[in-house]
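Remarks on the structure that follows.
We did not get these values from a lab; they are worked out from the coordinates using the rules stated. Everything numeric here is computed off the predicted structure, so don't read it as measured data. Cβ sites come from the backbone with ideal geometry, for glycine too, and all protein chains shown count toward neighbours.
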Amino acid sequence: MVETKIKTKDRVLSALAKQVGSYVSGDQLATELAISRESVWKAIKSLQKDGHRIVSKKKMGYAYLFSDHVDAKVAENYLNALSHGKQRFDTIRVFDEIGSTQTFAKDYLAKNPSPYPSIFTARTMGAGYGRRGRAFFAPKDHGLYISLSLPIDAKKELIPSLLTTSAADVIANVLEDSFPGLDVKLKWVNDLIVKRHKVGGIITEAVFDMEQHQYNALVLGFFVNVLPAAYPEEISQKAGSVLENSDVEVDWNFLLARLTLALIDMNEHYQDGSYLADYRKRSLLIGQLVAIQVGQEIVKGKVTGVSDKAGLELELEDGEKKTLYAGEVTKVKLYENLNL
């Protein structure tokens with residue numbers, strides 16, 4: 001096996017990212033990494049040019065603050081720190097650009113099954129897709145575009161409807177904790193809504209092993225538009241972002257770590273329905289008249305609730321009661337711009 005030599009600047013970044021906000025002297029870095037002070041200085045300059053916010057202070061050294069993009073080494077340090085070193089990962093892959101993290105993740109997991117989660121993320125994607133194969137816009141360094149593999153426990157029931165709704169609720173809570181004052185609503189089954197605009201979505205897929213006749217892993221793909229962007233005309237009236245000001249400094253790797261760890265924890269017990277109460281509170285649909293496309297059929301009615309298995313409970317126009325576990329809400333009365 002050929003060993004890949006780690007670049008000096010990556011070693012420096014990893015060392016600084018282990019103690020975010022704390023100053024480390026150039027001498028200490030040089031000694032720990034067995035390089036010269038000049039090499040440390042050159043590495044810092046290169047990292048700053050790459051978009052890593054590293055500040056220096058006389059007689060104190062250098063301190064890493066955050067990065068303006070996702071970075072594998074920084075994300076790994078955050079994941080380790082927040083999980084207290086208890087969460088293992090099969091792989092953490094960060095791409096500068098890729099067609100689709102979801103496609104890559106499924107291909108990887110088909111060939112490399114693992115009992116541990118994996119993270120696949122990119123600064124931008126050219127062929128990202130959501131439910132029903134619909135493409136979405138992924139402007140570089142304006143959002144998080146993540147595919148998270150979740151190992152399947154054969155002893156636990158797999159409930160796709162509960163998994164997706166629970167994931168939506170978890171992401172909504174982490175976003176609100178990360179950005180004070182934010183109010184995230186949910187549109188069944190998987191849309192994140194802020195101020196009546198879609199800021200994120202979720203897709204859940206499985207990797208099936210034909211030879212073993214079993215599922216290898218779940219792949220939870222999700223995106224969150226964090227910073228505003230110039231959206232294409234066809235979605236400009238519907239898409240939005242978590243933040244309204246593009247000048248806000250976002251710690252992308254910390255946010256990535258918080259989201260993925262919360263989702264991994266959710267996967268351990270979502271079957272108990274513990275996320276449903278909050279999901280119902282966040283629902284935009286309960287009490288609303290809606291139109292839902294189910295296959296080739298359009299179902300219309302009033303949403304009366306969300307079932308214990310995360311199905312959408314309806315009272316149809318003729319008075320019939322029905323619970324849907326699949327379909328897409330194409331129209332919500334009073335929320336005309338949510339035709340997403």
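Among the GluC sites (Glu not before Pro) found in segment 153-257, those both in a DSSP coil and sparsely packed, with 13 or fewer other Cβ atoms within 10 Å of their Cβ, are Glu157, Glu211, Glu233, Glu234, Glu244, Glu249. Taking only the C-alpha atoms of segment 205-287, Rg followed by Dmax gives 17.6, 51 Å.
The Stokes-Einstein estimate for segment 192-340, based on a Kirkwood radius over Cα pairs and taken at 4 °C with 1.567 mPa s viscosity, is a diffusion coefficient of 72 µm²/s. Over the chain, with a Gaussian network built from C-alpha contacts below 10 Å, which listed residue (Gly273, Gly319, Gly21) shows the highest mean-square fluctuation? Greatest mean-square fluctuation among the candidates belongs to Gly319.
Direction-averaged projected area, Cα convex hull, the chain: 20.0 nm², rounded to one decimal.
Among Thr31, Thr330, Thr101, the largest mean-square fluctuation in a Gaussian network model of the chain, built with springs joining Cα atoms closer than 10 Å, belongs to Thr31. Between Leu220, Leu144, Leu82, the residue with the greatest mean-square fluctuation in the GNM of the chain (Cα pairs under 10 Å linked by springs) is Leu82.
Restricting segment 37-111 to GluC sites (Glu not before Pro) that sit in a DSSP loop and have at most 13 other Cβ atoms within 10 Å of their own Cβ leaves Glu97. With the cut-off at 18 Å, report for segment 1-72 the share of all Cα pairs above it, as a whole percent. Looking at segment 1-72, the distances longer than 18 Å represent 32 percent of pairs. With a simple spin-label model that places each label point 7 Å from the Cα along the Cα-to-Cβ direction, the separation between Gln288 and Ser22 comes to 4.7 nm. Our analysis of segment 49-113 gives Rg over Rh at 1.10, with the two radii drawn from alpha carbon positions and Rh computed by the Kirkwood formula. Considering every pair of different Cα atoms, what Kirkwood radius, in Å, is found for segment 142-226? Taking the inverse mean of 1/r over all distinct Cα pairs, segment 142-226 comes out at 14.0 Å. Over segment 22-131, the Kirkwood radius and the radius of gyration, each from Cα atoms, give a ratio Rg/Rh of 1.07.
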